[in-house]
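Participant: My structure is below; once you've seen it, I'll send some questions.
The values are calculated or read from the model by the stated rules, or taken from the named source; none is laboratory data. All values reported here derive from a predicted model rather than from experimental measurement. Here the Cβ is made from the backbone with ideal geometry for all residues, glycine too, and neighbour counts use every protein chain on show.
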Amino acid sequence: MVANLAVALVGGVLVLAYDLAVSRGNVPSGGGDLRALVVAIYVVAVLVAGSLFTYLWVALPTGATGERRRSGWSAMLGLFTAVPMAYLVLVVALQIVKPLLG
């Protein structure tokens, strides 16, 4: 959960910065309003990172000392944890922090 939250927070800050820049008229060169694409990339990044980090850190118990096994179930656990993390960070960033900043 910590890795999911860390990735979600970093990505949420970047999404918020882009959203504020577009709202204030500072459109990056060569593009228009790509907020929906930025949010979609953010969600995919949080889901992939959450699945990958959980897969790497959560090992199945085996009974043998020193032997580590990994399973797709660990990755699914990370995915299911990453979904609400991504949503909650987006809600806090865009619905609470953004109105306070400007």
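Participant: Could you say which residue among Ser74, Ser51 is closer than 17 Å to Val2 by Cβ, surrounded by 13 or more Cβ atoms within 10 Å (Cβ to Cβ), hydroxyl-bearing (Ser, Thr, Tyr) and at pLDDT 90 or above? Spell out the reasoning first.
Facilitator: Values: Ser74 fails: at pLDDT 90 or above.
The unique qualifying residue is Ser51.
Participant: For region 55-67, indicate whether the set of residues that are in contact with a helix residue (DSSP H, G or I) (Cβ under 6 Å, 6 or more places away or on another chain), part of a helix (DSSP H, G or I) and at pLDDT 85 or above is non-empty. Please lay out each step first, then the result.
Facilitator: Going residue by residue through region 55-67, those that are in contact with a helix residue (DSSP H, G or I) (Cβ under 6 Å, 6 or more places away or on another chain) are 55, 58.
Then keep just the ones that are part of a helix (DSSP H, G or I); that gives 55.
From what is left, the residues that are at pLDDT 85 or above are 55.
Yes, that holds for at least one residue.
Participant: Looking at region 33-43, which of its residues are out of contact with any Gly (no Cβ under 7 Å at 6 or more places or on another chain), surrounded by 12 or more Cβ atoms within 10 Å (Cβ to Cβ) and at pLDDT 90 or above?
Facilitator: Across region 33-43, the qualifying residues are Val38, Val39, Ile41, Val43.
Participant: Then there is this: Looking at Val91, Val83 in this structure, which one is over 12 Å from the mean Cα position of the chain (by Cα), of a type in the set (Val, Ile, Thr) and modelled with pLDDT of 85 or more?
Facilitator: Exactly one residue qualifies, and that residue is Val91.
Participant: Which pairs do you get when a residue that is over 28 Å from Met85 (Cα atoms) and modelled with pLDDT of 90 or more, found in region 13-32, comes within reach of a residue that is acidic (Asp, Glu) and in a helix (DSSP H, G or I), reach meaning Cβ atoms under 8 angstrom, with the pair 6+ apart or on two chains?
Facilitator: Close Cβ pairs (under 8 Å, with a partner that is acidic (Asp, Glu) and in a helix (DSSP H, G or I)) do not exist here.
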